[in-house]
Amino acid sequence: MNEQNNERIAAVITGANERGILKRFVLSSPRSKTGDVKKAELRPVTVRGEKLIQMTEYRRDGKAVTSNMPESEAADIAAVRLGGEFRQLDVITTAGSCTALVSSKGKLHISDSISATGGGIADIGGNDSEKNHILDGSEPFLRLLGVSDADGRVIDRRRAKFRQINRFLELVRDIEDKLPKAPQPLYILDLCCGKSYLTFAVYYYFSAILRRSVRMTGVDLKPDVIAYCSGCASSLGWDGLDFVCGDILRFEPERDPDLVVSLHACDIATDITLACAVKRGAKVILSTPCCQHEMANQLECEDLSFITSKPLLRHKMTDAFTDALRLSRLECENYVCEALELVDPEETPKNVMLRCVRRSAPMAREKREALYAEYRRVCDWLHVTPYLDVLLCDYATVRLRD
Ligand SMILES: C[S@@+](CC[C@H](N)C(=O)[O-])C[C@H]1O[C@@H](n2cnc3c(N)ncnc32)[C@H](O)[C@@H]1O
């Protein structure tokens, strides 16, 4: 690439950074299939008050190497590397993105959709911002789970997980006042806990940070992960935390839980989680669904055929319908429900968090019946039978007859 093109590329990055809208810029599509670096991701960070650009190079041997550089150098480095090692650069901002492609003959093509105005101030990463997180990486359980190293530094390839855990804890902090007040003990479930990063984090938050008395149980089908998590809990000496191997459909909590959390319970496992929480009167439910298939296979609605005939859009739409109907169904059970974003949507598509808080006062029978009738009307229109409704059917029928 010639000098003029380098300047054009550097100007896009510098301009976005100066406006405060720059989220990150990514070099990809390496020219050589055998070169050391597959991809390089650069993002603004603040370290000890200084604004820098942090570059993470993802190497072919699986390692991720991070280094920091002054803002003034980063744009030029990216432009030069785009002309040399890489064919593609994506500049991602809060006001749109810009993609620069370099052909094998060195011709530059830029597709720029960054709007000249608007776009919010981007979140800046780095040590300073991590200081504001609930966890800073030095917590022993994060070391034990391999999220941070022996010095308490978050391992580069675990940064997304670390951000996800912290964000989840922020959402837990937001609903803290809906739970029984201290000194009452809390009972918390993590259904479909898997390797249980979240279970450990939530337990730590209530027991070590808030100094609450907590009993917490993680449940999962996989014996190996349950054995691993039980071993971790005992080596941390966390005797209020236990793990049960089994199907959440048959799981019997020891008492009605105060809080039920669930992160990425696959497909209808999210419905089982929600039904278990509702039937046992959980005060708060925080659930992030994952890989929904049920409704995509059922939905038939002539009015929506202009979307349902396009497989990709059909899937996106049924994802939204599934979660919206879940929330509507829980509203019939006297919960105040919202859908929130868990982390930056660019980090993962599995990003919708369902937050449901049970009302303290019972709902009037007529109101409940009207909500349920409206829910059924939408299900009939879509020609779907949500598993959550099936699971709550006896429960609802009995209660609606009261
Ligand atoms: C995608 S993983 C998520 C694990 C964990 N919550 C996380 O976010 O790291 C889904 C987990 O759900 C578990 N699972 C799926 N259906 C289940 C069921 N009916 N009962 C118990 N566990 C289930 C799987 O074994 C798996 O560990």
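The values are calculated or read from the model by the stated rules, or taken from the named source; none is laboratory data. Only a predicted model underlies this, so the values are computations on that prediction, with no experimental measurement involved. Neighbour counts run over all protein chains shown; Cβ positions are idealised from the backbone, glycine included. Ligands, DNA and RNA are stripped out before the accessible areas are found, and what is left, the full protein with its side chains, is counted by its heavy atoms. Shrake-Rupley method; radii C 1.70, N 1.55, O 1.52, S 1.80 Å.
Looking only at the stretch 222-232, how many residues end up being open to solvent by less than 70 Å² (accessible area, probe 1.4 Å) and either under 24 Å from the mean Cα position of the chain (by Cα) or closer than 30 Å to A320 by Cβ (or both)? I'd like the intermediate steps shown before the answer.
Taking the stretch 222-232 and keeping what is open to solvent by less than 70 Å² (accessible area, probe 1.4 Å), we get 225-227, 229-232.
Next, from what is left, pick out any that are either under 24 Å from the mean Cα position of the chain (by Cα) or closer than 30 Å to A320 by Cβ (or both): 225-226, 229, 232.
Number satisfying all stated conditions: 4.
Of the residues R250, R215, which single one is open to solvent by 50 Å² or more (accessible area, probe 1.4 Å) and within 16 Å of the ligand (Cβ to nearest atom)?
Numbers: R215 fails: within 16 Å of the ligand (Cβ to nearest atom).
Exactly one residue qualifies, and that residue is R250.
Could you identify the single residue in I110, I165 that is at pLDDT 90 or above and within 30 Å of G84 (Cβ to Cβ)?
Working: I165 fails: within 30 Å of G84 (Cβ to Cβ).
None of the other options fit; the residue is I110.
Take A324 and decide whether it is under 19 Å from the mean Cα position of the chain (by Cα) and closer than 30 Å to V378 by Cβ. Break it down stepwise before answering.
Working: under 19 Å from the mean Cα position of the chain (by Cα): yes; closer than 30 Å to V378 by Cβ: yes.
Answer is yes for this residue.
Considering each residue of the stretch 156-193, count those that are within 16 Å of the ligand (Cβ to nearest atom) and part of a loop (DSSP other than H, G, I, E, B), and give that number. Before the answer, list the steps.
Narrowing the stretch 156-193 to residues within 16 Å of the ligand (Cβ to nearest atom): 157-169, 171-172, 188-193.
Narrowing further to those that are part of a loop (DSSP other than H, G, I, E, B): 192-193.
Number satisfying all stated conditions: 2.
Checking the conditions here, which among A74, A11 is closer than 18 Å to S113 by Cα and not β-branched (V, I, T)? Quick ask: steps written out before the conclusion?
Details: A74 fails: closer than 18 Å to S113 by Cα.
So the residue among A74, A11 that is closer than 18 Å to S113 by Cα and not β-branched (V, I, T) is A11.
Since A182 meets every condition but one in (1) without any contact (Cβ under 8 Å) to a residue 24 or more places away in the chain; (2) surrounded by fewer than 19 Cβ atoms within 10 Å (Cβ to Cβ), which condition does it not meet?
Every condition holds for A182 apart from (1).
Only one residue in L236, L210, L191 is open to solvent by less than 30 Å² (accessible area, probe 1.4 Å) and either in contact (Cβ under 8 Å) with a residue 40 or more places away in the chain or under 27 Å from R359 (Cβ atoms) (or both), so which one is that?
Working: L236 fails: open to solvent by less than 30 Å² (accessible area, probe 1.4 Å); L210 fails: open to solvent by less than 30 Å² (accessible area, probe 1.4 Å).
Just a single option satisfies the conditions, and that option is L191.
Would you check which residues across the stretch 205-231 are modelled with pLDDT of 95 or more and either touching a Phe, Trp or Tyr at 6+ places or on another chain (Cβ under 8 Å) or not assigned by TED's automatic domain parsing to the domain that holds D256 (or both) and list them?
Of everything in the stretch 205-231, those that are modelled with pLDDT of 95 or more and either touching a Phe, Trp or Tyr at 6+ places or on another chain (Cβ under 8 Å) or not assigned by TED's automatic domain parsing to the domain that holds D256 (or both) turn out to be V214, R215, M216, T217, G218, V219, D220, I226, C229, S230.
Looking at the stretch 32-44, I want the residues that are closer than 13 Å to V91 by Cβ and in contact (Cβ under 8 Å) with a residue 40 or more places away in the chain and have a partner that is assigned to a strand (DSSP E or B) and open to solvent by 100 Å² or more (accessible area, probe 1.4 Å) with Cβ atoms under 7 Å, at least 6 apart or on another chain. Which pairs are those?
Between residues of the stretch 32-44 that are closer than 13 Å to V91 by Cβ and in contact (Cβ under 8 Å) with a residue 40 or more places away in the chain and residues that are assigned to a strand (DSSP E or B) and open to solvent by 100 Å² or more (accessible area, probe 1.4 Å), the close pairs are P44/K51.
H264 fails exactly one of the following numbered conditions: (1) within 14 Å of T199 (Cβ to Cβ); (2) open to solvent by 20 Å² or more (accessible area, probe 1.4 Å); (3) modelled with pLDDT of 95 or more; (4) within 16 Å of the ligand (Cβ to nearest atom). What is the number of that condition?
Of everything listed in (1) within 14 Å of T199 (Cβ to Cβ); (2) open to solvent by 20 Å² or more (accessible area, probe 1.4 Å); (3) modelled with pLDDT of 95 or more; (4) within 16 Å of the ligand (Cβ to nearest atom), H264 misses just condition (3).
List pairs: first residue in the stretch 264-281 and outside any strand (DSSP E or B), second residue of a type in the set (G, A, S) and open to solvent by 40 Å² or more (accessible area, probe 1.4 Å) anywhere in the structure, Cβ distance under 8 angstrom, at least six positions apart or on different chains.
Correct list of pairs: empty, since none qualify.
Can you name the residue in the stretch 271-303 that is within 9 Å of the ligand (Cβ to nearest atom) and surrounded by 15 or more Cβ atoms within 10 Å (Cβ to Cβ) and, of all such residues, is modelled with the lowest pLDDT? Walk me through how you get there before you give the answer.
Start the filter on the stretch 271-303 by keeping residues that are within 9 Å of the ligand (Cβ to nearest atom), which leaves 272-273, 288, 290-291.
With surrounded by 15 or more Cβ atoms within 10 Å (Cβ to Cβ) added as a condition, the list becomes 272-273, 288, 290.
Values: I272: 96, T273: 97, T288: 93, C290: 86.
So, considering only residues that are within 9 Å of the ligand (Cβ to nearest atom) and surrounded by 15 or more Cβ atoms within 10 Å (Cβ to Cβ), the one modelled with the lowest pLDDT is C290.
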